[in-house]
Structures are given as C-alpha cells and as structure tokens.
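A.B. asks: One structure, pasted below without further comment.
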Protein chains: 2
Amino acid sequence: MYTCSLARLQNKIDTFKTFGDTGTGGITRLSLSQEALAAREEFVKRCKAMGMQVKTDDMANLYATLPGGEDLPGFVMGSHLDSVINGGNYDGVLGVLTAMEVAETIWTEKIRTRRPVTVMVWTNEEGSRFEPAMMSSGVVTGKFDKARALASTDGKGVRFEDALEASGYKGAAENRLGAQGYAGYFELHIEQGPVLEMENKDIGVVEGVVGMVNYTVTVKGVSDHAGTTPQKTRKDALYAASQLILLLWARLSKLDPELVFTTGKIHVSPNIHTVIPKLVEFSLDARHKDPNVIAQAVEVIRNLPETLSGCQISAAENWGRKTVLFDAGYVNAVEEAAKEAGYSYRRIYSGAGHDAQYVADILPATMIFVPSVGGHSHCVEEFTPTEACLNGANVMLNAILATDKL
Amino acid sequence: MYTCSLARLQNKIDTFKTFGDTGTGGITRLSLSQEALAAREEFVKRCKAMGMQVKTDDMANLYATLPGGEDLPGFVMGSHLDSVINGGNYDGVLGVLTAMEVAETIWTEKIRTRRPVTVMVWTNEEGSRFEPAMMSSGVVTGKFDKARALASTDGKGVRFEDALEASGYKGAAENRLGAQGYAGYFELHIEQGPVLEMENKDIGVVEGVVGMVNYTVTVKGVSDHAGTTPQKTRKDALYAASQLILLLWARLSKLDPELVFTTGKIHVSPNIHTVIPKLVEFSLDARHKDPNVIAQAVEVIRNLPETLSGCQISAAENWGRKTVLFDAGYVNAVEEAAKEAGYSYRRIYSGAGHDAQYVADILPATMIFVPSVGGHSHCVEEFTPTEACLNGANVMLNAILATDKL
C-alpha cells in the first residue's frame, strides 16, 4: 500500500492558508478574488513542477493531469479553493491539496497508472461572491444555464463574466469535465459535522448527498408604537414567529432522529426597538436521505396554522433537491481502501452540497470525508489535524490505484 | 369660546403632506433634509404673513411669536416637522399645524392675549436620520451634551453639525426656549395608540409620559452547518431566543395589564439559511407609569435563565427613563377646556417619548392627544380626521386663553 507524505501535505496546508489569511486563524478567499488567483497561481506552479499538463475550461475550472500508461479515460480528484467570508482552512481547499498530494505521491513514487490522473479546481463552489453555489459544476453538468451564471454579479456590481475574463484562467469549453475523457471522480472533504469525531472514525465513506427542501415562512402582523399599544390589541409578527419556530421544532423533532432542520435566516420589518414588528420572514431548511421523511417534513410545514396570535402565516418552497446516490463501485472502492489501510470508518451521507453531487450525473463519482474537530465549518474554528487529512489522502490514492486495475 | 377653522386646518394638512410625499399616502421627511427644509420654508412664510416674529436658536429650533399685550413671559406650542422613514402625516407635524392654526385664530379673531404666543418647531425629534431622538429638546433642556449631538452622523456619514450649518436655520443659543422668556409649553400630538378610539374619546388629557426601560438580550450559541449537524448536538441561538421571547411574554404578562413590552429589533449572526445561528441580540422595551411595575419588569429580565438550549443568556440595560409628570395646573387647564367645549375626554399617559417630557423639566408643560385611527403610527396608515384634529386645536387654544387670564 502506498502512502502520501505528512510533511508534504503539511507544507501544502501551511502555504495555501496564506492566501486570504484574515489574521484570525481563518481566510476570506472569494471566488476569482486576488487571494483566490494567488492560490491558483501556486497550484499551477506546483503542478507544472511535476510535469503535469495544465488546462482550463470556459468556466475557468482548472485541470492538471499526470499521464497514464494507456490510452484510457482518466480519474479526476477535485474540489475548490474559494471560501466563504471568514471561512476556515479546510472546506474545499483540503480536497485540492490532498489531490495534489496524491498526484505528487504517484509522481514521486513513480507509480505507473494505466489511466491519467487529473487534479481539478472548481471555480466558485461557495457562491459567497457570485450566486449560486456550485456554479461551475452546475454549468458543466448542465444543471445551470451558463448565460445566467455569467450575468451573476457580486456585492460591488462586478459581473461573474467580467471577473472570469480578468482572471486569465478562462479556457475552452471543449476542456470541460465529461464522460468522454474521464472515467470517474473522487472528492475529499471535511465532514463539516460532528459524527465522525463523536464516533471516533477516521474516514467517512460517503454514499450520497441527502435530499433537502428550503422554505420561507412569512408572518404578517401589524406595526404599532411599542409604547402606546396595549399588549392585548397587538399583532406582533415576531412574537408569532417565535411561537412558530418552537412549533416547527416540536413537530419536526418527532419525525426521525436523522432529520436536520434549521432556521438560519430571519428578516424582521421594520426592526426598530420602538415599533411592533409587522412582518417576519424566516428560512426553514430540512434535510434527510430518505425522501419519505422529507415528504413528512413538507407536510408539517404545509400544515402550519393559518393564523397565530392575530398574524397571518404562509410558507413558500424556495427549492429542493432529491437525494443523490454515489456510484456503488466507487463507494466500495473507498471502503476497501479504508479497510486495507486499517482505518476506522463508517458509511455516511453528506448533509451539505458538493460539486460531486452534480458530477455524479455524468460520471461515476464519490466522496471521502475526514473528521471536522468540533464539527465546525464555514468559520475560523474549522480544523482537522494533518494526520487525519493524510488518512483521507491515502484512502483516495489507494481507491484510485485499485480502480485503475479494473 | 373661540374655535379654530376646519378649512384652514385642512389646508395646512394638505399643504404640508406634500413635503416628502412618498406617493404611498405617507411621507419621508428626515430632519434637515431638503423635504424638511421645504416644510420649514412654508412654516416661516405662513407665520411671517401673520406678522409673527421668527427666530431660531443654535439647534435650529424655530420660534414664531405673536406679541402679547403685556410684558410677560409667553406661551409656547410646539412639536416637530421631521418624520421617520415612510412615516405618516400626523406624528409631529399635526402639533405644529394645530399650533399655527391656534395662532392664526388669535390673529384673525384679534384676540388680545396678555402674554406672547409662540409656535415652535423642534429640530430632529425622531432621531431617524441623526440619533438620538428628541435631540434638540434634550440639548436645550440640558439632558444631552451638545458636542455629542453635533457629532452625530447620518447613514451617509453627514455630521449633524454640518447639516445644521447648511440648513440656513442655525441661530443664537440665547434664543433657546427657557424659563426666562416663557411661561409654559403645550404640545398637541396624535395618541399613537388605540385607547381613545376604543373608548370613543375626543381628547386625551395627558398627565405624563410613562417610565421605561430598554434592554438588549444576548443569546450566544455555536454556528455549524445546517446540513451536517445533528439536531441534538446543536446550540442554536435563534431557537433559544425564540424560547426566551415567549418566556418573557409569559412572565411579563402576569405583572400588570397596563404594562407594555416589545421586542421590536432582532439581530441574528451570521443570518445565513444554511448556518445555525451563533448569536442573537434582541431588544426589550418595557413601559409603565408606575415605577414599581417597571421594577418588577426589570426583575423578570434580570432573572432570565443563564443558559437555555445550550446557549448563554445575558441582558444589559441600554437606558431607562423615569415617569415624567406634567404640570398639574396645565393638565387641569386642558381638561377644563375639553369639558367646556363639550368634548369627551379621558386622562391618559403617553407611552411614547415627546419633546414635552424634556421641556417639563424647565417649564410648566403638558400635552393634548387626539385619537389615532386604528392606533397606527410611524406608518402610512397613520390617520386622524381633520374634525378630530380641530377638537384638539380648540382645546389648546382655550386652555391657553384660560391660563393667560391667571
């Protein structure tokens, strides 16, 4: 069994954390920003040093390829270099760095693979600068309209299309990831949750990405002066919204212990301390791998009371996604590689969305999770010890080498 | 008994509602904005047409005075011309327009008062552009530090001091309202609540302004990914905040039926639909005329649980004010004038703050309320029929004339 290098992986992590360093232990590296372009430059430099052929497609996705011994479609390992605002040093970038480390191990150890091995960087996975998230994998796999993606603007009014042109990384559409040139796709990622850590597992063998629904719940009350309106005559939208949030928790908690649901965003109008709120809108995100449980959650949301504390209640679905199942053969290959290396592991579903879920539509694909300390993600506390990251790299390397023999 | 003119008052209301008209039935007329300056120009023009002497003080408060027959301190009727964003056509401006109408009646009817009668416009009562609210009455009565008021900036970074200079209305500090030149102060205002309407009363004889406390309650949880964090391991600050809001309502509702309390403002961080909220801060405003009830409300707030659903809870007092009692003689004069006119009335406390509460510290002062349809205020629905406004003007006129004879 081949193993990657802890020292080399540490060096990669230490180097890439400087691109967008916020000085607080985390990074802000928005897609196609100067910080993200600096990270790309370092990626290209290191890949070229290994003699890899580097190309880009029309969405500026980067492909660095080690040749294979036979004329066969190749393997791709990919993730993203962009982060959320005040994000951490592992979400996305670790998938790129471990892929680079796998390639470097193949190159250093002179492993002769039958198939080419490509390390890939997806443009704009987070969607923090240009919406939507997973933009480029969405376009490349036909989920998103390219023209709409190009027209997406950031908070300063910059169009994604112009940022793409200015980046210097825009290439030809014919270079896109696809079923012709490629055999399959692996993506290593931190779990972004506490399950592996709580169960003391080294590796998450990812079977798929859970289905989800996203609703906006609207509560309409009446604004009046906080000092002059008797309590009994009020139609306070925030009071009613507080009741609704607790009601939703009570009802959704009864459905299934693995159902996760979140009110992460709330908008209150007019949001002035001396005015009774007239309007509250809050998000409700619910996820589960079983479509039946999602359907039950939707029933709960649709059957909210029409009025509560004098306020009008309504709920509108914003979007949903069905559960994505990864390729059984690739999932098994990851499991076998973990087993052979002697790592503890468990099968798991991803609760978060990843580029791999779109790739799964056009190629055999799967993911490998490594534990997130404290389950934290999208924050400066995001952390995974390099030894734990290395376990994941070793699993990816050996799953590829095993699949390459088939 | 003298009476004001319905037609003239209607003309004033119709004219002044054009200054800052939002086209939706309301106005946005922020302090010292072009819209507010246009309203001031109209005010000055109309007052000068009656031969009134117009002057301003160092906070750009406007004073338009009809002379009296004797060398005595004068009466002041005042309120403000500025509004909140998307405010209505009655809060503040009605106090100025009825005062102008009272002066116009005295002038037209050639009523010989012993004392001068001044109509006053306070600068920046709302505090919607420059914080704090009631800025100029606060400075003139020594509640606020003038230097801090001058340094207040609006959302575009404009200093209040610069807006004051640019307005053309900045005058001398020696022109300020004070105990030397003035005998007492009347302020007519809409109730901004539903009590007069519900009880079918024409006039509110305002005894004082209720005491209040304002707290910020902080709930600290932990941010994690909405899709990957099992429900049982979450420390969701918005869930805990929802529980707290209901707990506060339950406990405060038991204290006294006249206690009003409001959570009007909430801030959630990071406020993203896919992230469990880590921090929630919400306002709690509580008001009652009886300091003992306020003290009980403060006890409830101070005795919130220290932790709830895994989150840390704390509460900090932002400010408070004691109940302000208006001058008994002036309150009686208003009541007598209402009674003589045959209007229905009730004694009432103001739940909202008004410039009159600061003036009460330096001069005998009181207020007159007219009903608010639906109790609405600080919104485009704000409305009081002109007939009902006229009742208030008549009460103010006759209370002044009666007091003038003393």
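Each value in this text was obtained by applying a stated rule to the coordinates, not by laboratory testing. On a predicted model such as this, the values are computed, not experimentally measured, just so you know. Cβ atoms come from the backbone with ideal geometry, glycine included; neighbour counts cover every protein chain shown.
A.B. asks: Using only Cα atoms, find the angle between the long axis of helix B:386-404 and the longest principal axis of chain B, and express it within 0 to 90 degrees, rounded to the nearest 10.
C.D. replies: Taking the Cα atoms of chain B, the angle to B:386-404 is about 60 degrees.
A.B. asks: For residue A:370, enumerate residues with amide H under 5 Å from its amide H, sequence gap 5+ or separate chain, H modeled in the peptide plane.
C.D. replies: For residue A:370, the qualifying residues are A:189, A:190, A:191, A:204.
A.B. asks: I've got another one for you. For region A:255-272, in order, what is each residue's ³J(HN,Hα) by Karplus, 6.51 cos²θ - 1.76 cosθ + 1.60 with θ = phi - 60°, in whole Hz (x at glycine and Pro)?
C.D. replies: Rounded to whole hertz, the list is 6, 7, x, 8, 5, 10, 8, 8, 9, x, 10, 9, 10, 10, 10, x, 6, 10.
A.B. asks: What residues qualify as long-range amide H neighbours of residue B:345, i.e. H under 5 Å apart, gap of 5 or more or another chain, H built at 1.01 Å from N?
C.D. replies: Those lying under 5 Å, H to H, from residue B:345 are B:202, B:203.
A.B. asks: While we're looking at this one, here's another question. How well do other chains shield peptide A:243-249, expressed as the mean number of their Cβ atoms within 10 Å of each residue Cβ?
C.D. replies: 4
A.B. asks: For chain A, find the longest principal axis of its Cα atoms and tell me its angle to the long axis of helix A:291-302, 0 to 90°, nearest 10.
C.D. replies: That works out to roughly 30 degrees.
A.B. asks: If you average 1/r over all unlike Cα pairs in region A:1-89 and invert the result, what Kirkwood radius do you get in angstrom?
C.D. replies: Details: mean 1/r = 0.0680 Å⁻¹.
Evaluated over region A:1-89, this radius sits at 14.7 Å.
A.B. asks: Right, something else. Take each of the peptides B:7-20, A:325-338, A:186-199, average the number of other beta-carbon atoms within 10 Å over its residues, and list them starting from the highest. Mind dumping the intermediate values first?
C.D. replies: Numbers: B:7-20: 17.7, A:325-338: 19.9, A:186-199: 23.5.
So the order, starting with the most tightly packed, is A:186-199, A:325-338, B:7-20.
A.B. asks: Residue by residue through region A:236-246, what is 3J(HN,Hα) from phi via Karplus (6.51 cos²θ - 1.76 cosθ + 1.60, θ = phi - 60°)? Round to whole Hz and write x for glycine and proline.
C.D. replies: These are the phi-based 3J(HN,Hα) values: 8, 5, 6, 4, 5, 5, 4, 4, 5, 4, 5 Hz.
A.B. asks: Compute the Rg/Rh shape ratio of the protein assembly as shown: radius of gyration over Kirkwood radius, all on alpha-carbon atoms.
C.D. replies: 1.12
A.B. asks: Taking each residue in B:169-177, count the Cβ atoms of any other chain within 10 Å of its Cβ, then average. What number comes out?
C.D. replies: Counting other chains' Cβ atoms within 10 Å and averaging over B:169-177 gives 0.
A.B. asks: Averaging over all projection directions, find the projected area of the Cα convex hull of chain B and quote it in nm² with one decimal place.
C.D. replies: That works out to 20.8 nm².
A.B. asks: Let me ask another. Report ³J(HN,Hα) in whole Hz for each residue of region B:195-208, in order, from the Karplus equation J = 6.51 cos²θ - 1.76 cosθ + 1.60 where θ = phi - 60°; Gly and Pro get x.
C.D. replies: 5, 4, 5, 4, 9, 6, 9, 6, 10, x, 8, 8, 7, x
A.B. asks: Considering all projection directions equally, how large on average is the shadow of the alpha-carbon convex hull of region A:71-117, in square nanometres?
C.D. replies: Computing the convex hull of the Cα atoms and averaging its projections yields 3.7 nm².
A.B. asks: Averaged over peptide B:230-239, how many Cβ atoms belonging to another chain are found within 10 Å of each residue's Cβ?
C.D. replies: 5
A.B. asks: Once you have the Kirkwood Rh of region B:90-170 from its Cα pairs, apply Stokes-Einstein at 20 °C and 1.002 mPa s and quote D in µm²/s.
C.D. replies: Approximately 147 µm²/s, per Stokes-Einstein.
A.B. asks: For region B:115-181 and region B:315-368, what is the separation of their Cα centres, given in Å?
C.D. replies: The two parts, judged by their Cα centres, are 22 Å apart.
A.B. asks: Which order, highest average first, do A:356-365, B:268-277 follow once you tally other Cβ atoms within 10 Å for each residue and take the mean per peptide?
C.D. replies: Ranked by mean Cβ neighbours within 10 Å, highest first: A:356-365, B:268-277.
A.B. asks: Rounding to the nearest 10 and keeping the result within 0 to 90°, find how far the Cα-based axis of helix A:328-341 lies from the longest principal axis of chain A.
C.D. replies: Here the helix axis deviates by roughly 70 degrees.
A.B. asks: Given the -39500 (n - 2.57) contribution per DSSP H run of 4+ residues, what per-residue ellipticity at 222 nm results for chain A, rounded to the nearest 500 deg cm²/dmol?
C.D. replies: It lands at -10000 deg cm²/dmol.
A.B. asks: Under 13 Å from the Cβ of residue A:346, count the other residues' Cβ atoms, weight Lys and Arg +1, Asp and Glu -1, and hand me the total.
C.D. replies: Charge balance near residue A:346 sits at -3.
A.B. asks: Per the Kirkwood definition applied to all pairs of different Cα atoms, how many angstroms is the hydrodynamic radius of region A:211-321? Can you show the working numbers first?
C.D. replies: Values: mean 1/r = 0.0688 Å⁻¹.
Radius from the Kirkwood sum: 14.5 Å.
A.B. asks: Residues with amide H under 5 Å of residue A:27's amide H, sequence separation 5 or more or different chain, H placed in the peptide plane at 1.01 Å from N; which?
C.D. replies: Distant-sequence amide H within range of residue A:27: A:22, A:87, A:88.
A.B. asks: Quick one: compute a quarter of the convex hull surface over the Cα atoms of region A:326-406 and quote it in nm².
C.D. replies: Averaged projected area of region A:326-406's Cα convex hull equals 5.9 nm².
A.B. asks: Right, here's the next one. Among the listed pairs A:17/B:220; A:146/B:156; A:156/B:146, give every one whose C-alpha distance is greater than 32 Å.
C.D. replies: Correct reply: A:146/B:156; A:156/B:146.
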